[in-house]
Structures are given as structure tokens and as C-alpha cells.
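The values are calculated or read from the model by the stated rules, or taken from the named source; none is laboratory data. What you see is a predicted model, and the numbers here were worked out from it, not measured in a lab. Please note: Cβ atoms are built from the backbone with ideal geometry, for glycine as well, and neighbour counts cover all protein chains shown.
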Amino acid sequence: MSMTFRFLRLARWVLLTAASLSPQVASAQEVCSWTVSNVAFGAVDVLGGGAVDVTANVQINCSGGLASLVARVCPNIGAGTGTATASVRNMANGGNLLAFQLYQDAARTTVWGSYLWGFPATPPTLTVSLNLAGSGTLNTTLYGRVFASQSTVPPGSYLSTFSGIDARLTWTFCLLTLCPACSGSMTGSTDTSFNVTASVAANCLVAATKLDFGAAGVLGANIDASNSISVTCTQGTPWTAGLNAGSSGGGTVAMRKMSGPGGASINYTIYKDAAHTQVWGDGTLGTQLVSGTGSGGAQAQTGFGRVPPQTTPAAATYTDTIVVTVTF
């Protein structure tokens, strides 16, 4: 009889010990919640700007546990409403997309993903320490980047919204040394919502090559030369390009002057057509502008220069500086 009694006590001790080693200790009071601040990229220059980096704050609050436990939390961030691929997420403006990504690290090499989507990237595995009251808070940083080299993206406001399964925290309370690995299903889950936003403004860039008439002796006949003026504007942005009267003084937009020593000068004109009939100026005094609509790429325009016959000044180098103004 005594041997049977000792066996029963041993069996109960084994069962209790096994229960205490269970890695998950759940109760109705154990709960976690989380918030993610909006990821606001602000104004993004898709022409001349590089990548745009910002950060957001992720806060996780857990309560209802025991002081001897921690909360293992898995903050899943999915594709968002702007769609995603394995390498990029996208903000949308109608059918237009602006590519960005969310990362776990400041170097922006480890994508912040989800166990609940179809791509390889997973979320960080985080641990919330609990105080004597069984509660704890953890703050961590979410790193965002809008990629450079998106010159064909049209101006507008871009948005991706994260909610539901795209912003789901899964969690379990456990002994630190026995916490399970993160997965799509844990003891509990809770959702939050946040937005990723950016604004692409209309913009234009301009560049020009030198208009070089070369060397000449007597100015008794037309001397022609050409140069390239390249205008790059955001997709769909209407633009006009005008040329001023030059910096040498005494010239007009219809007849400019290259200046030399002792106040000497050489007259010349820039045209927008190869026939040398449409003067390229600032739209005044019979001159015209060159116009176009941005494609996101460089649009080359040709300036057709002509030095007409005139009294030949002293031999020297004659120069002028023209300002190109692009209005959009």
C-alpha cells in the first residue's frame, strides 16, 4: 500500500513539472497592442533628388502577464493598399505607382515583412520585458525609403494604407529561455493601421551645350552654328523654355551681341528652327518660346545660331552668356 502511494505522488510531481516548462503561458488577461506612426516622406523630387529616407515609431504595449514572463511579439507588416513585389512596395495615385520600401535597420538592408504574406521577408522577432505588475512597453524604429531614379512618376499625392492583416501583431507570453520562434500564429493577435504618404511635385531641369561659331575672318556672309538645350520635366508637366537677351549689354532677344575688347561686339541671333525664321527668345519683341510636355526623360531642343554679315571688328574672342528659363 505504501509503495502505491509513493508512485502516485511521483506521477503528480512529473505532471506538474512538465506544465511549468511549457513555453506558452496564456490567460484571459494577457494582451498586447501596438501602434505605428505614419510614414510621411513629404515632398519627393523624382528628377534631381536621390533616395528619400524617413523613420517612423513602432510602439508595442503588453499587460496581464506575470513578472517572471516576457512577451514574444511579431509585428507583421504586409503589402499595403499600394501593392508590393518581393523587392518593393508601392504607393499609388490612381494607376500611377511610387516605389518605396520599409526596413528593420538603419542601413536599409533588411526588409520589414510579414509571416502573413507570400514574400520571403519576415518581421523582426521582438521581446517585451514585463515589470512587477506584468506590463511592459517596447519602442522600435521602422525605416522607410523612397527609391531614386523614378523620373517617369507623374506629380501627385501618393498613398499606401496598412491595416488588418497588413498591420497585424502576433504575440505570446513565455519564459524568456523558452519563448517560441515567431510565426504566423501565436497565442494572440491584434491589428493597427497606418499610412505611408509622399507628394511628387512638378519639376523641371535644364542643361545646355555651348553655341560655338568657331573662328572667322571677315564677317561678309552668314556663319551658322547650333547647340543643344535639354529640358527634363516630370511626366505630363507642360513647359516652355525662353532665352534672355544675353549678358553682354546692348543686345535684344531678337538681336543679341557677343562682346569683345574695347566695347567691340558681334551681332548674332538664335532661332528655334533650322530655316532661321523663328527667333528663339522670351516671347516678346517678335520672338518665340519653345514648349513641350514632360516625359520624365531629357527632351533635347536645338538652338540654331546665326552671325549675319556685318562690319568686322578687331580680331579677338567674342562671348555672350544666355540664361535659359524653363517655366512649368
- Message: I'd like the residue in the range 147-163 that is among the hydrophobic types (A, V, I, L, M, F, W, C) and over 13 Å from LEU47 (Cα atoms) and, out of all such residues, is farthest from the chain's Cα centre (by Cα).
- Response: PHE162
- Take the range 292-315 and flag every residue that is surrounded by 14 or more Cβ atoms within 10 Å (Cβ to Cβ) and part of a strand (DSSP E or B). GLY292, ALA298, GLN299, GLN301, THR302, GLY303, PHE304, GLY305, ARG306, VAL307
- Task: Name the residue, out of VAL70, VAL54, VAL58, that is within 19 Å of the chain's Cα centre (by Cα) and in contact (Cβ under 8 Å) with a residue 12 or more places away in the chain.
- Result: VAL54
- Tell me, yes or no, whether the range 28-44 has at least one residue that is in contact with a Cys (Cβ under 7 Å, 6 or more places away or on another chain), in a loop (DSSP other than H, G, I, E, B), at pLDDT below 95 and farther than 19 Å from ARG108 by Cβ. no
- Message: Condition first: hydrophobic (A, V, I, L, M, F, W, C) and more than 12 Å from ASN76 (Cα to Cα). Now tell me which residues in the range 95-118 satisfy that.
- Response: LEU97, LEU98, ALA99, PHE100, ALA106, ALA107
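Select, from GLN24, GLN59, the only residue that is at pLDDT below 95, in contact with a strand residue (DSSP E or B) (Cβ under 7 Å, 6 or more places away or on another chain) and either assigned to a strand (DSSP E or B) or of a type outside the set (Val, Ile, Thr) (or both).
Criteria check complete, one pass: GLN24.
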- Return a yes/no flag: does the range 220-228 have any residue that is touching a strand residue (DSSP E or B) at 6+ places or on another chain (Cβ under 8 Å), modelled with pLDDT of 95 or more and buried (at least 20 other Cβ atoms within 10 Å of the Cβ). no
- Query: Condition test on THR232, is it in a strand (DSSP E or B) and surrounded by 15 or more Cβ atoms within 10 Å (Cβ to Cβ)?
  - Reply: yes
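Out of SER248, SER259, SER265, I need the residue that is more than 30 Å from ILE60 (Cα to Cα), surrounded by 17 or more Cβ atoms within 10 Å (Cβ to Cβ) and either modelled with pLDDT under 95 or among the basic types (Lys, Arg) (or both). Which one?
Only one candidate passes the filter, namely SER248.
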- Taking the condition in contact (Cβ under 8 Å) with a residue 60 or more places away in the chain, crowded, with 17+ Cβ neighbours inside 10 Å and either touching a His at 6+ places or on another chain (Cβ under 8 Å) or farther than 30 Å from ASN93 by Cβ (or both), does TYR318 pass? yes
- Message: Among the residues of the range 2-18, are any at pLDDT below 95 and assigned to a loop (DSSP other than H, G, I, E, B)?
- Response: no
- If we scan the range 202-218, do we find a residue that is within 24 Å of ASP282 (Cα to Cα), among the aliphatic types (A, V, I, L, M), surrounded by fewer than 16 Cβ atoms within 10 Å (Cβ to Cβ) and over 19 Å from the mean Cα position of the chain (by Cα)? yes
- Query: So is SER295 modelled with pLDDT of 95 or more, among the polar types (S, T, N, Q) and out of contact with any Gly (no Cβ under 7 Å at 6 or more places or on another chain) or not?
  - Reply: yes
- Item | Selection count where residues are surrounded by 18 or more Cβ atoms within 10 Å (Cβ to Cβ) and in contact with a Pro (Cβ under 8 Å, 6 or more places away or on another chain), scope the range 235-245 | 2
- Item | Filter result (under 18 Å from GLY220 (Cα atoms) and either assigned to a strand (DSSP E or B) or of a type in the set (S, T, N, Q) (or both)) within the range 257-283 | LYS257, MET258, SER265, ILE266, ASN267, TYR268, THR269
- In the range 73-116, which residue that is part of a loop (DSSP other than H, G, I, E, B) and among the aromatic types (Phe, Trp, Tyr) is farthest from the chain's Cα centre (by Cα)? TYR115
- Please state which one of VAL153, VAL196, VAL218 is in a loop (DSSP other than H, G, I, E, B), farther than 29 Å from GLN301 by Cα and not small (Gly, Ala, Ser). VAL218
